[in-house]
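Only one structure is covered here, and it is reproduced in the block below.
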Amino acid sequence: MDIRKLRYFITVAEELHFHRAAEKLNMTQPPLSQQIQNLEDELGVKLLERTRKMVRLTPAGAVFLEQARLIMAQLERSIQLTQKADQGIIGHITIAFVDSASGSIMVDVLRKFRSAYPQIELTLREMTSSQQLQALEDGQIHIGFLRYQEDTRHVSFRPCQMETLIAVLPDHHPLASQTQVSIRELADEDFILFPRHLGSPFHRLVLDYCREHGVDPRITQEAIQMYTIVNLVAAGMGVSIVPSSVDVFQRKGVVFLPLEENPPSVPLYTAWRTDMNQEVISRFMSIVDGEYELR
């Protein structure tokens, strides 16, 4: 059974007149009558009662008309959805991010994207940078917000935000009332840092900065999530050096202070698959480019 036969039947059933239906379909009446006869033979059911004076639906024909309309409506919807998917108006993408990227700017990107493209489904996953790189390589995510880049097949990178390093101290610390702090003043402190094996470039950046200024940090605790680091500092377990965006995790018990000694820049990269869901990814990246201005 092909779609043409359904369209022919629906037109005849709505007109209840073969000549008018044929004119509406831009064809002659005999081929139309033959197509309806073929449809009835294929179904093994009489759909129309025909006399010289009238045409009417059989009970089976009324049921088939209802279902045929549903089929045609679904077909039209399928065509529209397929075209929208090709245009990147609908679809699905999975986005991963390091927790320090989950602040106001990331929120703004997601809000604007959802507003612009409500039919695109988003799946969000919080991951470390190294986990994102592996997930991008494996095709498990489409877009990532991470702290460093590597040569990875089918993945492109673009810096979207430049931050700096800041210190986070317990609010009862003797240096907490200062407007800024020297890294040398923290030389004897216990440090809580992101583990090296899950983010070696960022870990190395912090250590190199400290050692450049004569400080060899005594690392007594490690934590994967930046908000966990902040909570451990609040608990008096030590001090830490974190990206400046982490101050979004403002909470009672900690203070965030600028560092005196010209701290290095900390990039946040956007990474995306170059061989998957390109139209949808392109639309998301346009929102990112409009929101992030390497600030």
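Values as computed for the structure displayed
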| read-out | value |
| --- | --- |
| Hits in the range 215-232 (condition: open to solvent by 70 Å² or more (accessible area, probe 1.4 Å) and within 17 Å of ARG204 (Cα to Cα)) | ASP216, ARG218, GLU222, ILE224 |
| Subset of the range 262-288 that is out of contact with any Phe, Trp or Tyr (no Cβ under 8 Å at 6 or more places or on another chain) and under 30 Å from GLY214 (Cα atoms) - its residue that is most open to solvent (accessible area, probe 1.4 Å) | ASN262 |
| Single match in ILE143, ILE166, ILE120 (criterion: among the β-branched types (Val, Ile, Thr) and either within 23 Å of VAL230 (Cβ to Cβ) or more than 19 Å from the chain's Cα centre (by Cα) (or both)) | ILE166 |
| PHE194 free of Cβ contacts under 8 Å to residues at least 60 places away in the same chain, aromatic (Phe, Trp, Tyr) and under 30 Å from GLY139 (Cα atoms) | yes |
| Segments classed as strands (runs of 3 or more DSSP E), wholly inside the range 239-295, with at least 3 members that are closer than 18 Å to ILE229 by Cα, out of contact with any helix residue (DSSP H, G or I) (no Cβ under 6 Å at 6 or more places or on another chain) and at pLDDT 90 or above | 254-258 |
| Top-ranked residue of the range 107-121 - restricted to ones that are β-branched (Val, Ile, Thr) and part of a helix (DSSP H, G or I), ranked as modelled with the highest pLDDT | VAL109 |
| Residue pairs meeting the criteria (Cβ under 8 Å; at least 6 apart or on separate chains; first within 15 Å of GLU15 (Cα to Cα), in the range 56-73; second outside any helix (DSSP H, G or I) and among the acidic types (Asp, Glu)) | ARG56/GLU49; LEU57/GLU49; THR58/GLU49 |
| Hits in the range 61-79 - residues which are of a type outside the set (S, T, N, Q) and modelled with pLDDT under 80 | ARG77, ILE79 |
| Evaluation of THR51 against (1) under 53 Å from the mean Cα position of the chain (by Cα); (2) open to solvent by 60 Å² or more (accessible area, probe 1.4 Å); (3) among the β-branched types (Val, Ile, Thr); (4) more than 13 Å from TYR8 (Cβ to Cβ) (one fails), failing number | (1) |
| From THR82, THR28, THR11, THR58, residue being at pLDDT 90 or above and either under 30 Å from SER282 (Cβ atoms) or in contact with a strand residue (DSSP E or B) (Cβ under 8 Å, 6 or more places away or on another chain) (or both) | THR58 |
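Residue-by-condition table, conditions (1) at pLDDT 90 or above; (2) open to solvent by 10 Å² or more (accessible area, probe 1.4 Å):
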| position | (1), (2) |
| --- | --- |
| ILE105 | no, yes |
| LEU136 | yes, no |
| PRO174 | yes, yes |
| SER177 | yes, yes |
| PHE194 | no, yes |
| GLY199 | no, no |
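The values are calculated or read from the model by the stated rules, or taken from the named source; none is laboratory data. Predicted model only: the values in this text are computed from it and were never measured. Every residue, glycine among them, receives a Cβ derived from its backbone with ideal geometry; neighbour counts consider all protein chains shown. For accessibility, only protein heavy atoms count, side chains too; no ligands or nucleic acids. Shrake-Rupley method; radii C 1.70, N 1.55, O 1.52, S 1.80 Å.
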